Amino acid sequence: MTRSHRTALVLGSLFVVAVGGCAQPPPKTQVTLNTLVAEYNTNAKSVPMLAAYADIEFTAYHEATGASLPLWSSPNGLLRIKKGPNPLETHDMVLIGREVSKQVLRVGVSRKDDVYYMWTLIPEAKAMWGMIMFAGAPGIKNLPIDPTGLQAVLGICQLPSDQSKTPAVTLQMDTTPGRYAYVLGYLSRQPVSNNFVLRREFRFAWDEKRPDWLAEFLWGKQKPRRLEEINFFDARGRMIMSAEVGDYKPIDIEMMENPPKTAPIMPTDIKITWFNDLKQKTASVRLRLSQMTTEEIWDTEICEFFKNVPNDIPDHRIIQVDKNLMPKKKDEDK
């Protein structure tokens, strides 16, 4: 082998190493499930309510080609959530999409109405809703945007701390290079069938990517490990929705009566993607949140469904997705 050939071989090997990189070894330590949940809940429970602005982008995907088709965007949307007395149940929430000052979309949960819902005026006027107690029951058609799932991706709703009853979370470790993560499986009983089902999968950062000094400065020594991805499954075990979350920022707590010593954090860049049975993308929504605050500048009336359905939507376009599960009235049996 000539000197020039040897030089070329060495340079080629260095190029391969530089491009491919070295496999990152798994972290040497890990925390327990109880520690992980306690960290997360300490951060989440310090947010009793939230108001934020939301930049919303909705995209559809062509079934045959997979090409993305941007449908609409709302740079001045609103997000509102107020927690109920049970930290593990659904909370009052609404995500509002606006074009200029006109509301064109609402996705929400109303504890007063006891329903979850979505209505939109584009590309056509329609509304879908269901009873909270039947959310996730077998045979129910999914809403285009699931409001109960949306609550789970915000990083401020608590996880079960008692794993001896349902709902509960289990822990697995993903040791795949480049995918290192604490993986929490969220188990609960399915409405109607009462079967145990895996509803969600929460992926937390295993090795922290931010400097320790910065984390301690912003959030104290008990910094919460960051939620990075949430996957949602149907009763068949197929992933129907996935959310990537990041760009964590502190929430303004100055107006709270008894604010926590350390400002809670939440993701402000959220991308939610829906899939069909072939795991092909069907639609996605990207939320960029800003001006997050716990100040009580709104009332839960804004979350109600029946009171706020616009007149633009005719009655026959307002669909109850779980109507077949409702108990029949005596008059209907005759």
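Using θ = phi - 60° and the Karplus curve 6.51 cos²θ - 1.76 cosθ + 1.60, what whole-Hz ³J(HN,Hα) does each residue of the range 61-70 get, with Gly and Pro shown as x?
Working through the residues one at a time gives 10, 5, 4, 7, 9, x, 5, 7, 10, x Hz.
Looking at the chain, which longest stretch skips every one of the GluC sites (Glu not before Pro) that is in a DSSP loop with at most 15 other Cβ atoms within 10 Å, leaving the sites themselves out?
Longest stretch, sites excluded: 125-207.
Please label the shape of the range 259-334 as rounded, prolate or oblate, based on the square roots a ≥ b ≥ c of the eigenvalues of the alpha-carbon gyration tensor (a/c under 1.5 means rounded; beyond that, a/b larger than b/c means prolate, else oblate).
oblate
Among the aspartates and glutamates, which fall within straight-line cross-link reach of residue 82, defined as a Cα-Cα distance under 18 Å, with same-chain neighbours fewer than 8 residues apart omitted?
92, 113, 114, 146, 252, 254, 257, 295, 296, 299, 301, 304
Can you show me the helix-derived [θ] at 222 nm for the chain, built from DSSP H runs with n ≥ 4 at -39,500 (n - 2.57) apiece and divided by the number of residues, rounded to the nearest 500.
Mean residue ellipticity, 222 nm, calculated: -4000 deg cm²/dmol.
Taking only protein heavy atoms into account and a 1.4 Å probe, give the accessible area per residue of the chain in Å².
56
Distance check, please: which entries in 165/249; 102/307; 249/279; 83/165; 112/281 exceed 28 angstrom between their Cα atoms?
165/249; 249/279; 112/281
Which entry in [x] -0.60, -0.75, -1.01, -1.16; [y] -0.37, -0.58, -0.97, -1.26; [z] -0.44, -0.66, -1.06, -1.39 is this structure's computed log10 I(q)/I(0) by the Debye sum over Cα atoms at q = 0.08, 0.10, 0.13, 0.15 Å⁻¹?
[z]
Can you list the HN-Hα couplings for the range 269-275, worked out from phi with the Karplus curve (6.51, -1.76, 1.60; θ = phi - 60°), rounded to whole Hz and with x for Gly and Pro?
Listing the rounded values in order: 10, 10, 10, 10, 10, 9, 10 Hz.
Quick one: pull the percent of accessible area on the range 48-119 belonging to carbon and sulfur, 1.4 Å probe, ligands and nucleic acids left out.
Heavy-atom surface of the range 48-119 belonging to carbon and sulfur, 1.4 Å probe: 52 percent.
Find the eigenvalues of the gyration tensor of the Cα atoms of the range 44-164, then list the square roots of 5 times those eigenvalues as equivalent ellipsoid semi-axes, largest first, in whole angstrom.
One finds semi-axes of 26, 18, 15 Å for the range 44-164.
The values are calculated or read from the model by the stated rules, or taken from the named source; none is laboratory data. All figures in this text were calculated on a predicted structure; none of them were measured in a lab. Note that each Cβ is placed from the backbone with ideal geometry, even for glycine, and that neighbours are counted across all protein chains shown. The area values use the complete protein model at the heavy-atom level, side chains included, leaving out ligands, DNA and RNA. Shrake-Rupley method; radii C 1.70, N 1.55, O 1.52, S 1.80 Å.
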